[in-house]
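Asker: Below you will find the structure I want to go over with you.
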Amino acid sequence: MSTLLARFDEWWTRPWPNAAGRFGLYRIVFALSYLWHVSEFDLRALFGAPPGPEYSLPFLQLLPTSPSMWFLQGVDVLLVLSLLLLAAGIRVPVSTALVLVLGLIREALLSEYGVENGNLMPVVFIPLLAFVGSGWGHSYSLDAWRAQRRGETPVSSTNDSWRYALAMRSVLILLAVLFPMAGLFKVTGDGTWLRYDDVLPMLLLRRSVDSVVMGWWANPLGPWLWAHASIGYWMQIGVVAFELSFVLLLAGAAARRILFAAVLVFHAVSALWVMVSFGGMLAAYALFVDWESLWQPVRGRALVDMLRRPLLALGPDRCLAMVCIVAVVVAGTWHAGTRHAFTLGGLINWRTIWFVVAPVGLGGILLSFWRDLERHRFAARESRRAAIADRVQL
Amino acid sequence: MSLTERDATELSRTTLRVAQLVLGLIVAGLLFVGRSEHYFPLTGWPLYESIRIARPDASVNATYLRVALGDGGVRELLAQKLVEYSRAGMIQGTIDAATARNDSPARSAARKHLALLISLKLGTSDFDSISVFQRVWTVDLARVPPVNIARPVMSLPVDRFAVPK
């Protein structure tokens, strides 16, 4: 038992390359992607809405039954303000807690009309785990800059301490639990995916029709699916096996990369043909991008330096005041139109986001595989050379 | 006051245990709630697990709104596009209540809500009346696209009402 616990602790406390830097940069990515998510739905639309099918959710009983316009507007504005403070790294523990509470209230109000399971990852789990694990404000934040000015030792962005990887490892475990749960539900109890062979083809056909009615593209495989609906059984088994395979996330970096590459394709295809987005999950996958490695080659560029110089001249306190003013202005004008900037005027929506993320993410994953291969080849070449040199010496 | 290395290590250990505890509680909660979404925000992923979808019908319909603007113009909106797609389920409830036959406070509230949704979509409240109608198309699953959106087979008026003030 003690060996098992020691192994468990060893897994949690293993160093994670660039952990501090990538978690700090991830905080910014998280906040910006959350702002995009908030910009997709104007909470004021709930004012005066008839009760939804999930009105009896116990959590909703904690909130006002018919929220006023001020309440709805206030939740959106305060959440946007908190996210902007979080992105800039101002009072990070407090802004994280505010993002968690306000985001949860917002999501609960929306859940009256249908629970969006994927959204719970960025709305509840990630902020909660980041709050508990702390450390995402220790780098790339105004908090860190101000602490440094006070004489505290700065945290290096290349610090690989496990402390900064707690949220990443926790989310890894959550994904390894949630995906297989989805697979298991489909084939046990009331699950229909092994009982009928046309669940997926019929869903795809139905969604193809819906898609055209919505003014989007039809599924080009529609006629083929219509003629070969029995193929659905194998497609369904494939989806279930794919979801169950997520336990392999815990098996190591290579398995993780393959699964993340596959899941990006899966989501893009689902968004395109099943009209299911799961856009909230982007925040979870982004946790496993090495933002620090991406940022390093860019940070020394002349343009970045030119942008950074005036901020350095201002100093952390003035920057803080400036960011607060900008945050108040953006949050205050959110419903007046600022929110549309985060969707590029509606261009980046729940569906199109996958057509950007999937190819970029896939490219990044393939590149990382290629780099690993090159590294292995180089190491093999070097060891061969060393062996030859040894033989020559002998 | 600065922390000694030992203090920092102890603090990190405590953080690790708290993070493990929180994660353990979340996972235990997810396993406990299973398929149920009743315990929001703790929900597993019962995604389409018990669906049984029949072959699409020979026809499909969609609800449209024709909005008479204050400047004399007319705008036509697909009802489902009034809010983000994943939340579009709320629209049908509003339209059903807004077009109910009997005059009731619920109908008047739903009409107000529909007017709010339209004003948020259009960015203006300057419109006088709303006509609700349905367009019907035939579906041919052997074709791509299965619906010729430019050629509805019929257009059925559902209701027309003045924008509640």
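Rule-based calculations on the coordinates, nothing more; no lab input. Fair warning: this is a prediction, and the values are worked out from it, not measured in the lab. For neighbour counting, all protein chains shown are included, and Cβ atoms are generated from backbone atoms with ideal geometry for every residue, glycine included.
Asker: Put +1 on the Cβ of every Lys and Arg and -1 on every Asp and Glu Cβ in chain A; which of A:W234, A:L367, A:L248 then has its Cα farthest towards the positive end of the dipole?
Answerer: A:L367
Asker: Averaged over B:146-159, how many beta carbons belonging to a partner chain fall within 10 Å of each residue's beta carbon?
Answerer: Numbers: counts 11, 7, 1, 5, 0, 0, 0, 0, 0, 0, 0, 0, 0, 0.
Partner Cβ neighbours, averaged per residue: 2.
Asker: If you split all Cα-Cα distances of the protein assembly as shown into 10 Å bins from zero, what percentages do you get per bin, shortest first?
Answerer: All Cα pairs, binned at 10 Å, distribute as 3, 15, 24, 25, 18, 10, 4, 1, 0, 0, 0 percent.
Asker: Something else about it: Restricted to Cα positions, what overall size does the range A:1-159 have along the principal axes? Three whole-Å values, descending.
Answerer: 53, 47, 22
Asker: Full extension from A:M69 to A:M1: what is 0.36 nm times the residue separation minus their Cα-Cα distance, to one decimal in nm? Don't jump to the answer; show the numbers that get you there.
Answerer: On the way: separation 68, 0.36 × 68 = 24.48 nm, distance 5.58 nm.
The A:M69-A:M1 span can extend by a further 18.9 nm.
Asker: Next question. I want to check a number: in the protein assembly as shown, how many lysine pairs have alpha carbons closer than 22 Å, given a sequence separation of 8 or more or different chains?
Answerer: Values: B:K81/B:K112; B:K81/B:K121; B:K112/B:K121; B:K112/B:K165; B:K121/B:K165.
Step by step, the pairs that qualify in the protein assembly as shown add up to 5.
Asker: Separate question: In nm, give the distance between the simple-model label positions of A:F242 and B:S125, each being 7 Å from the Cα along the Cα-to-Cβ direction.
Answerer: My value for the distance between the label points is 4.7 nm.
Asker: Looking at chain B as a GNM with Cα springs under 10 Å, which of B:A115, B:A54, B:A98 has the largest mean-square fluctuation?
Answerer: Looking only at B:A115, B:A54, B:A98, the biggest GNM fluctuation is shown by B:A54.
Asker: Charges at C-beta only: +1 for Lys and Arg, -1 for Asp and Glu. How large is the resulting dipole of chain A about its Cα centre, in Debye rounded to 20?
Answerer: Working: 32 positive and 25 negative charges, 274 e Å.
Here the size comes out at about 1320 debye.
Asker: Answer with one residue from A:G215, A:M306, A:A286: the one whose Cα lies farthest towards the positive end of the charge dipole of the range A:207-324, charges on Cβ with Lys, Arg +1 and Asp, Glu -1.
Answerer: Of the candidates, A:M306 comes out farthest on the positive side.
Asker: Can you list the equivalent-ellipsoid semi-axes of the range A:146-259, largest first and in whole Å, using the square root of 5 times each Cα gyration tensor eigenvalue? Show your work: numbers first, answer last.
Answerer: Details: eigenvalues 376, 80, 29 Å².
For the range A:146-259, the ellipsoid semi-axes come out as 43, 20, 12 Å.
Asker: With unit charges on the beta carbon (Lys/Arg positive, Asp/Glu negative), name the residue among A:A379, A:T333, A:M322 whose Cα is farthest towards the positive pole of the charge dipole of the range A:322-391.
Answerer: A:A379
Asker: Can you give me the Kirkwood hydrodynamic radius for the range B:1-95, using every pair of distinct Cα atoms, in Å to one decimal? The partial results should precede the final answer.
Answerer: Values: mean 1/r = 0.0513 Å⁻¹.
Answer for the range B:1-95: a Kirkwood hydrodynamic radius of 19.5 Å.
Asker: Using Cα centres only, tell me the gap between the range A:188-212 and the range B:61-133 in whole Å.
Answerer: If we compute the Cα centre of each part, the gap is 31 Å.
Asker: Springs between alpha-carbon atoms under 10 Å, Gaussian network over chain B: tell me which of B:R75, B:R87, B:R13 tops the mean-square fluctuations.
Answerer: Most flexible of the set in this elastic network: B:R13.
Asker: Would you mind computing the Rg to Rh ratio of chain B from its alpha-carbon coordinates, Kirkwood style for Rh?
Answerer: Numbers: Rg = 25.5 Å, Rh = 20.7 Å.
Here Rg/Rh amounts to 1.23.
Asker: Also, I was wondering about something else. Under 8 Å for C-alpha pairs, at least 6 residues apart: give me the relative contact order for the range A:113-262, rounded to a whole percent. Present the calculation step by step, with values, prior to reporting the outcome.
Answerer: Values: 122 pairs, mean separation 34.3, N = 150.
The value is 23 percent.
Asker: Pick out which of B:Q20, B:Q134, B:Q92 has the largest mean-square fluctuation in a Gaussian network model of chain B, springs linking Cα atoms closer than 10 Å.
Answerer: B:Q20
Asker: What is the distance, in nm, between label points placed 7 Å from the Cα along the Cα-to-Cβ direction at B:A150 and at A:F8?
Answerer: 6.5 nm
Asker: Now for a separate question. Note down the relative contact order for chain B as a percent, whole number, built from C-alpha pairs under 8 angstrom at least six residues apart.
Answerer: On the way: 200 pairs, mean separation 31.9, N = 165.
Result for chain B is 19 percent.
Asker: Write down, largest first, the equivalent ellipsoid semi-axes of the range A:35-128 in whole Å, where each equals the square root of 5 times an eigenvalue of the alpha-carbon gyration tensor.
Answerer: Details: eigenvalues 105, 41, 26 Å².
Those come to 23, 14, 11 Å.
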